[in-house]
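Chemist: Below is the structure I would like to discuss, written out as structure tokens.
The values are calculated or read from the model by the stated rules, or taken from the named source; none is laboratory data. Keep in mind that this is a model prediction, so the values were computed, not measured. Don't worry about glycine lacking a Cβ; one is built from the backbone with ideal geometry, like all the others, and counts go over all protein chains shown. Side chains are part of the model used for accessible areas, which takes the heavy atoms of the whole protein and leaves out ligands, DNA and RNA. Shrake-Rupley method; radii C 1.70, N 1.55, O 1.52, S 1.80 Å.
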Amino acid sequence: MTIRAVRGVHDILPGEGEKWRRVERIARDVFDSYGYEEIRLPIFERTELFARTIGEATDIVQKEMYTFEDAGGRSLTLRPEGTAPVCRAYLEHGMHKLAQPVKLWYLSSFFRYERAQAGRYRQFWQIGAEAIGSDDPAVDAETIVLLADLLDAVGARDVRLRISSLGSPEARAAYRAELQAHLREHRAELSSDVRERIDLNPLRAFDADDPGTREVMAGAPRLLDRLSDEDAEHFAEVRALLDRAGVAYEVDSTLVRGLDYYTRTVFEFESAALGAQSGVGGGGRYDGLVEALGGPPAPGCGWAAGIERILLASDDAGGAVSGPPTSTPPVDLFVAFTDLTRRADAFGLTAEARRAGLGAQMELAGRSLKGQLKQADRVGARFVAILSVAGAALKDMESGEQRDVDRVAVLREVLRGRGAA
Ligand code: AMP
């Protein structure tokens, strides 16, 4: 029996690498231009970090975390998301003492034990941004425009943005009770799943698919209508700024995000080019998160976007991601040898060529000279050096011309030939 990869994970094979690199490159450029700095954090954290911030009653904490005990008896969890770890690091490294907001981005993989299906994995990759230390609505708008720009730059198709506001925790608590009353009143029409979660997580009912629940939710009170004046004003300002930046959106009062730490602005980008799993990226404001971790008040806002989904949403025959491949690094020199006694010399020449800044490869599989020339052609080598007992020859793969050269002159000849090309 061969050992196969675990369910829900995927390999990124060499042929796909360029697509990934392209998205990463574009993300880096966009983040640079917005003044974000990269942060790289551990793959696992204390379980408590996620339980305390994401919320005990959420799907992630209840059923999706990869939690394990290490040999020292600590409960650790493979990170299911990036915001809580970034806030942990912000606090731990005293970033609240820097000029605010601190703008950070990351590109890493995350882990959730979800039902695996097209576009949904148990290990997946996210690009994320967090701006911590300001509650200015311009921060919300800037992070949203940033993601819109990024999706545009990679060529994601048919993208739609929905936004809403969850208000303050107080408004949300009062609303929650009101929503629970509504759900209890219509208990019989709800799916069993939603019915079971009336006490624990009533807002999730907005995400339900079954017709009965959807009908009940259509008549449900909306949090957006229960915002405090201050929160409503904040939301209006975010919308005005998006309008000013020319970013189209729909206000969707049914938008709830599956994590407890959100306050005020929440948003989601979807692509109609995707199937059932249409979410490309989403996020929102989390004004109490740093404080919940024991820090000073440090309101923040951010998002995460799935790289697999971005690729799916951008991928078509002529699509930007699968478009003209950017150049693979050139192979200036392929070092061949006709006799095993020349192998060490070939190895030395290859190393020397690389140190001189050339793209160099050597024969590694014991091929015949004919096979080696074929291999050199396959990798797109510009020159082939052929080392033999008699000496050295240099073949120009462009002209096909081959001539004997002094062994000590090989590198100089290649450097000159390359310069001339
Ligand atoms: P979330 O952290 O749940 O708001 O997710 C943000 C984005 O990450 C989503 O819009 C997806 O693009 C991506 N994402 C979340 N979960 C998964 C998953 N299990 N597999 C692939 N992508 C995911």
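Chemist: May I have the extent of the alpha carbons of the range 1-47 along their three principal axes, as whole Å values ordered from largest to smallest?
Modeler: Here the spans come out as 51, 36, 13 Å, largest first.
Chemist: About its Cα centre, how strong a charge dipole does the chain have in debye, to the nearest 20, once Lys and Arg get +1 and Asp and Glu get -1 at the Cβ?
Modeler: With only Lys, Arg, Asp and Glu charged at Cβ, the dipole is about 1900 debye.
Chemist: If I build a Gaussian network model for the chain, linking alpha-carbon pairs within less than 10 angstrom, which residue out of Ala173, Ala305, Ala141 has the largest mean-square fluctuation?
Modeler: Ala173
Chemist: So what's the convex hull volume per residue for the Cα atoms of the range 119-167, in Å³?
Modeler: Taking the convex hull of the Cα positions in the range 119-167, it is 135 Å³ per residue.
Chemist: Please get the size of the charge dipole for the range 1-128, origin at its Cα centre, with Cβ charges of +1 on Lys and Arg and -1 on Asp and Glu, quoted in debye to the nearest 20.
Modeler: Dipole size: approximately 200 debye.
Chemist: Ranked highest first by the average count of other Cβ atoms within 10 Å around their residues, in what order do 108-118, 383-393 fall?
Modeler: Per-residue mean Cβ counts within 10 Å order the peptides as 383-393, 108-118.
Chemist: OK, next. Choose one answer from Phe50, Phe68, Phe347: the residue with the largest mean-square fluctuation in a GNM of the chain with alpha-carbon springs under 10 Å.
Modeler: Its mean-square fluctuation being the largest, the pick is Phe347.
Chemist: With only alpha-carbon atoms counted, please give the Rg and Dmax of the range 263-421, in Å.
Modeler: For the range 263-421, the Cα radius of gyration and maximum Cα-Cα distance read 26.8, 78 Å.
Chemist: Let me ask another. Dipole magnitude of the range 85-147 about its Cα centre, charges +1 at Lys/Arg Cβ and -1 at Asp/Glu Cβ only, in debye to the nearest 20?
Modeler: 440
Chemist: Can you give the translational diffusion coefficient of the range 219-351 in µm²/s, computed by Stokes-Einstein from the Kirkwood radius over Cα pairs at 20 °C and 1.002 mPa s?
Modeler: So the translational diffusion coefficient is about 107 µm²/s.
Chemist: Could you work out the pair-distance distribution P(r) of the range 85-130 from its alpha-carbon pairs, with 5 angstrom bin width and percents rounded to whole numbers?
Modeler: Reading the bins upward from 0: 5, 17, 21, 17, 14, 11, 8, 5, 2.
Chemist: Can you give the calculated 222 nm mean residue ellipticity of the chain, where each DSSP H run of n ≥ 4 adds -39,500 (n - 2.57) and the sum is split over every residue, rounded to the nearest 500 deg cm²/dmol?
Modeler: Helix-only estimate at 222 nm: -10500 deg cm²/dmol.
Chemist: Can you give the relative contact order of the chain as a percent, counting alpha carbon pairs under 8 Å and 6+ residues apart?
Modeler: Relative CO of the chain lands at 15 percent.
Chemist: With the cut-off at 19 Å, report for the range 159-272 the share of all Cα pairs above it, as a whole percent.
Modeler: Beyond 19 Å sits 47 percent of the P(r) for the range 159-272.
Chemist: While we're on this one: Once you have a ≥ b ≥ c as the square roots of the Cα gyration tensor eigenvalues for the range 18-175, tell me rounded if a/c is under 1.5, and otherwise prolate or oblate according to whether a/b is larger than b/c.
Modeler: Since a/c stays below 1.5, the shape of the range 18-175 is classed as rounded.
Chemist: On the protein heavy atoms, probe 1.4 angstrom, tell me the percent of accessible surface of the chain carried by carbon and sulfur.
Modeler: 50
Chemist: Report, to the nearest 10°, how far helix 83-92 tilts away from the longest principal axis of the Cα atoms in the chain, using its own Cα long axis and a range of 0 to 90°.
Modeler: Taking Cα atoms only, the helix is inclined about 80 degrees.
Chemist: Shifting gears a bit: How much FRET efficiency would the formula 1/(1 + (r/R0)^6) give for Ile3 and Asp193, where r is the Cβ-Cβ distance and R0 is 35 Å, rounded to 0.05?
Modeler: 0.50
Chemist: Taking only Cα atoms, what is the 0 to 90° angle, nearest 10, from helix 229-244's long axis to the longest principal axis of the chain?
Modeler: Helix 229-244 and the main axis of the chain meet at about 40 degrees.
Chemist: Another question, if that's okay. Viscosity 1.567 mPa s, temperature 4 °C: Stokes-Einstein D of the range 1-106 from its Kirkwood Cα radius, in µm² per second?
Modeler: 77
Chemist: Also: First obtain the Kirkwood hydrodynamic radius of the range 248-299 from its Cα pairs, then insert it into the Stokes-Einstein equation at 10 °C and 1.306 mPa s, and state the resulting D in µm² per second as a whole number.
Modeler: Answer from the Stokes-Einstein relation: 125 µm²/s.
Chemist: In the chain, if every C-alpha pair distance is counted and binned at 10 Å from zero, what percent goes to each bin?
Modeler: Going out from 0 Å in 10 Å bins, the chain shows 4, 18, 23, 20, 13, 10, 7, 4, 1, 0 percent.
Chemist: Between helix 137-154 and the chain, what is the angle of the helix's C-alpha long axis to the longest principal axis, kept within 0 to 90° and rounded to the nearest 10?
Modeler: 40
Chemist: Where the convex hull is taken over the Cα atoms of the range 101-228, what is its projected area averaged over directions, in nm²?
Modeler: Mean projected area of the Cα convex hull: 10.3 nm².
Chemist: Can you quote the Å³ per residue value for the convex hull of the Cα atoms in the range 335-397, rounded to an integer?
Modeler: 76
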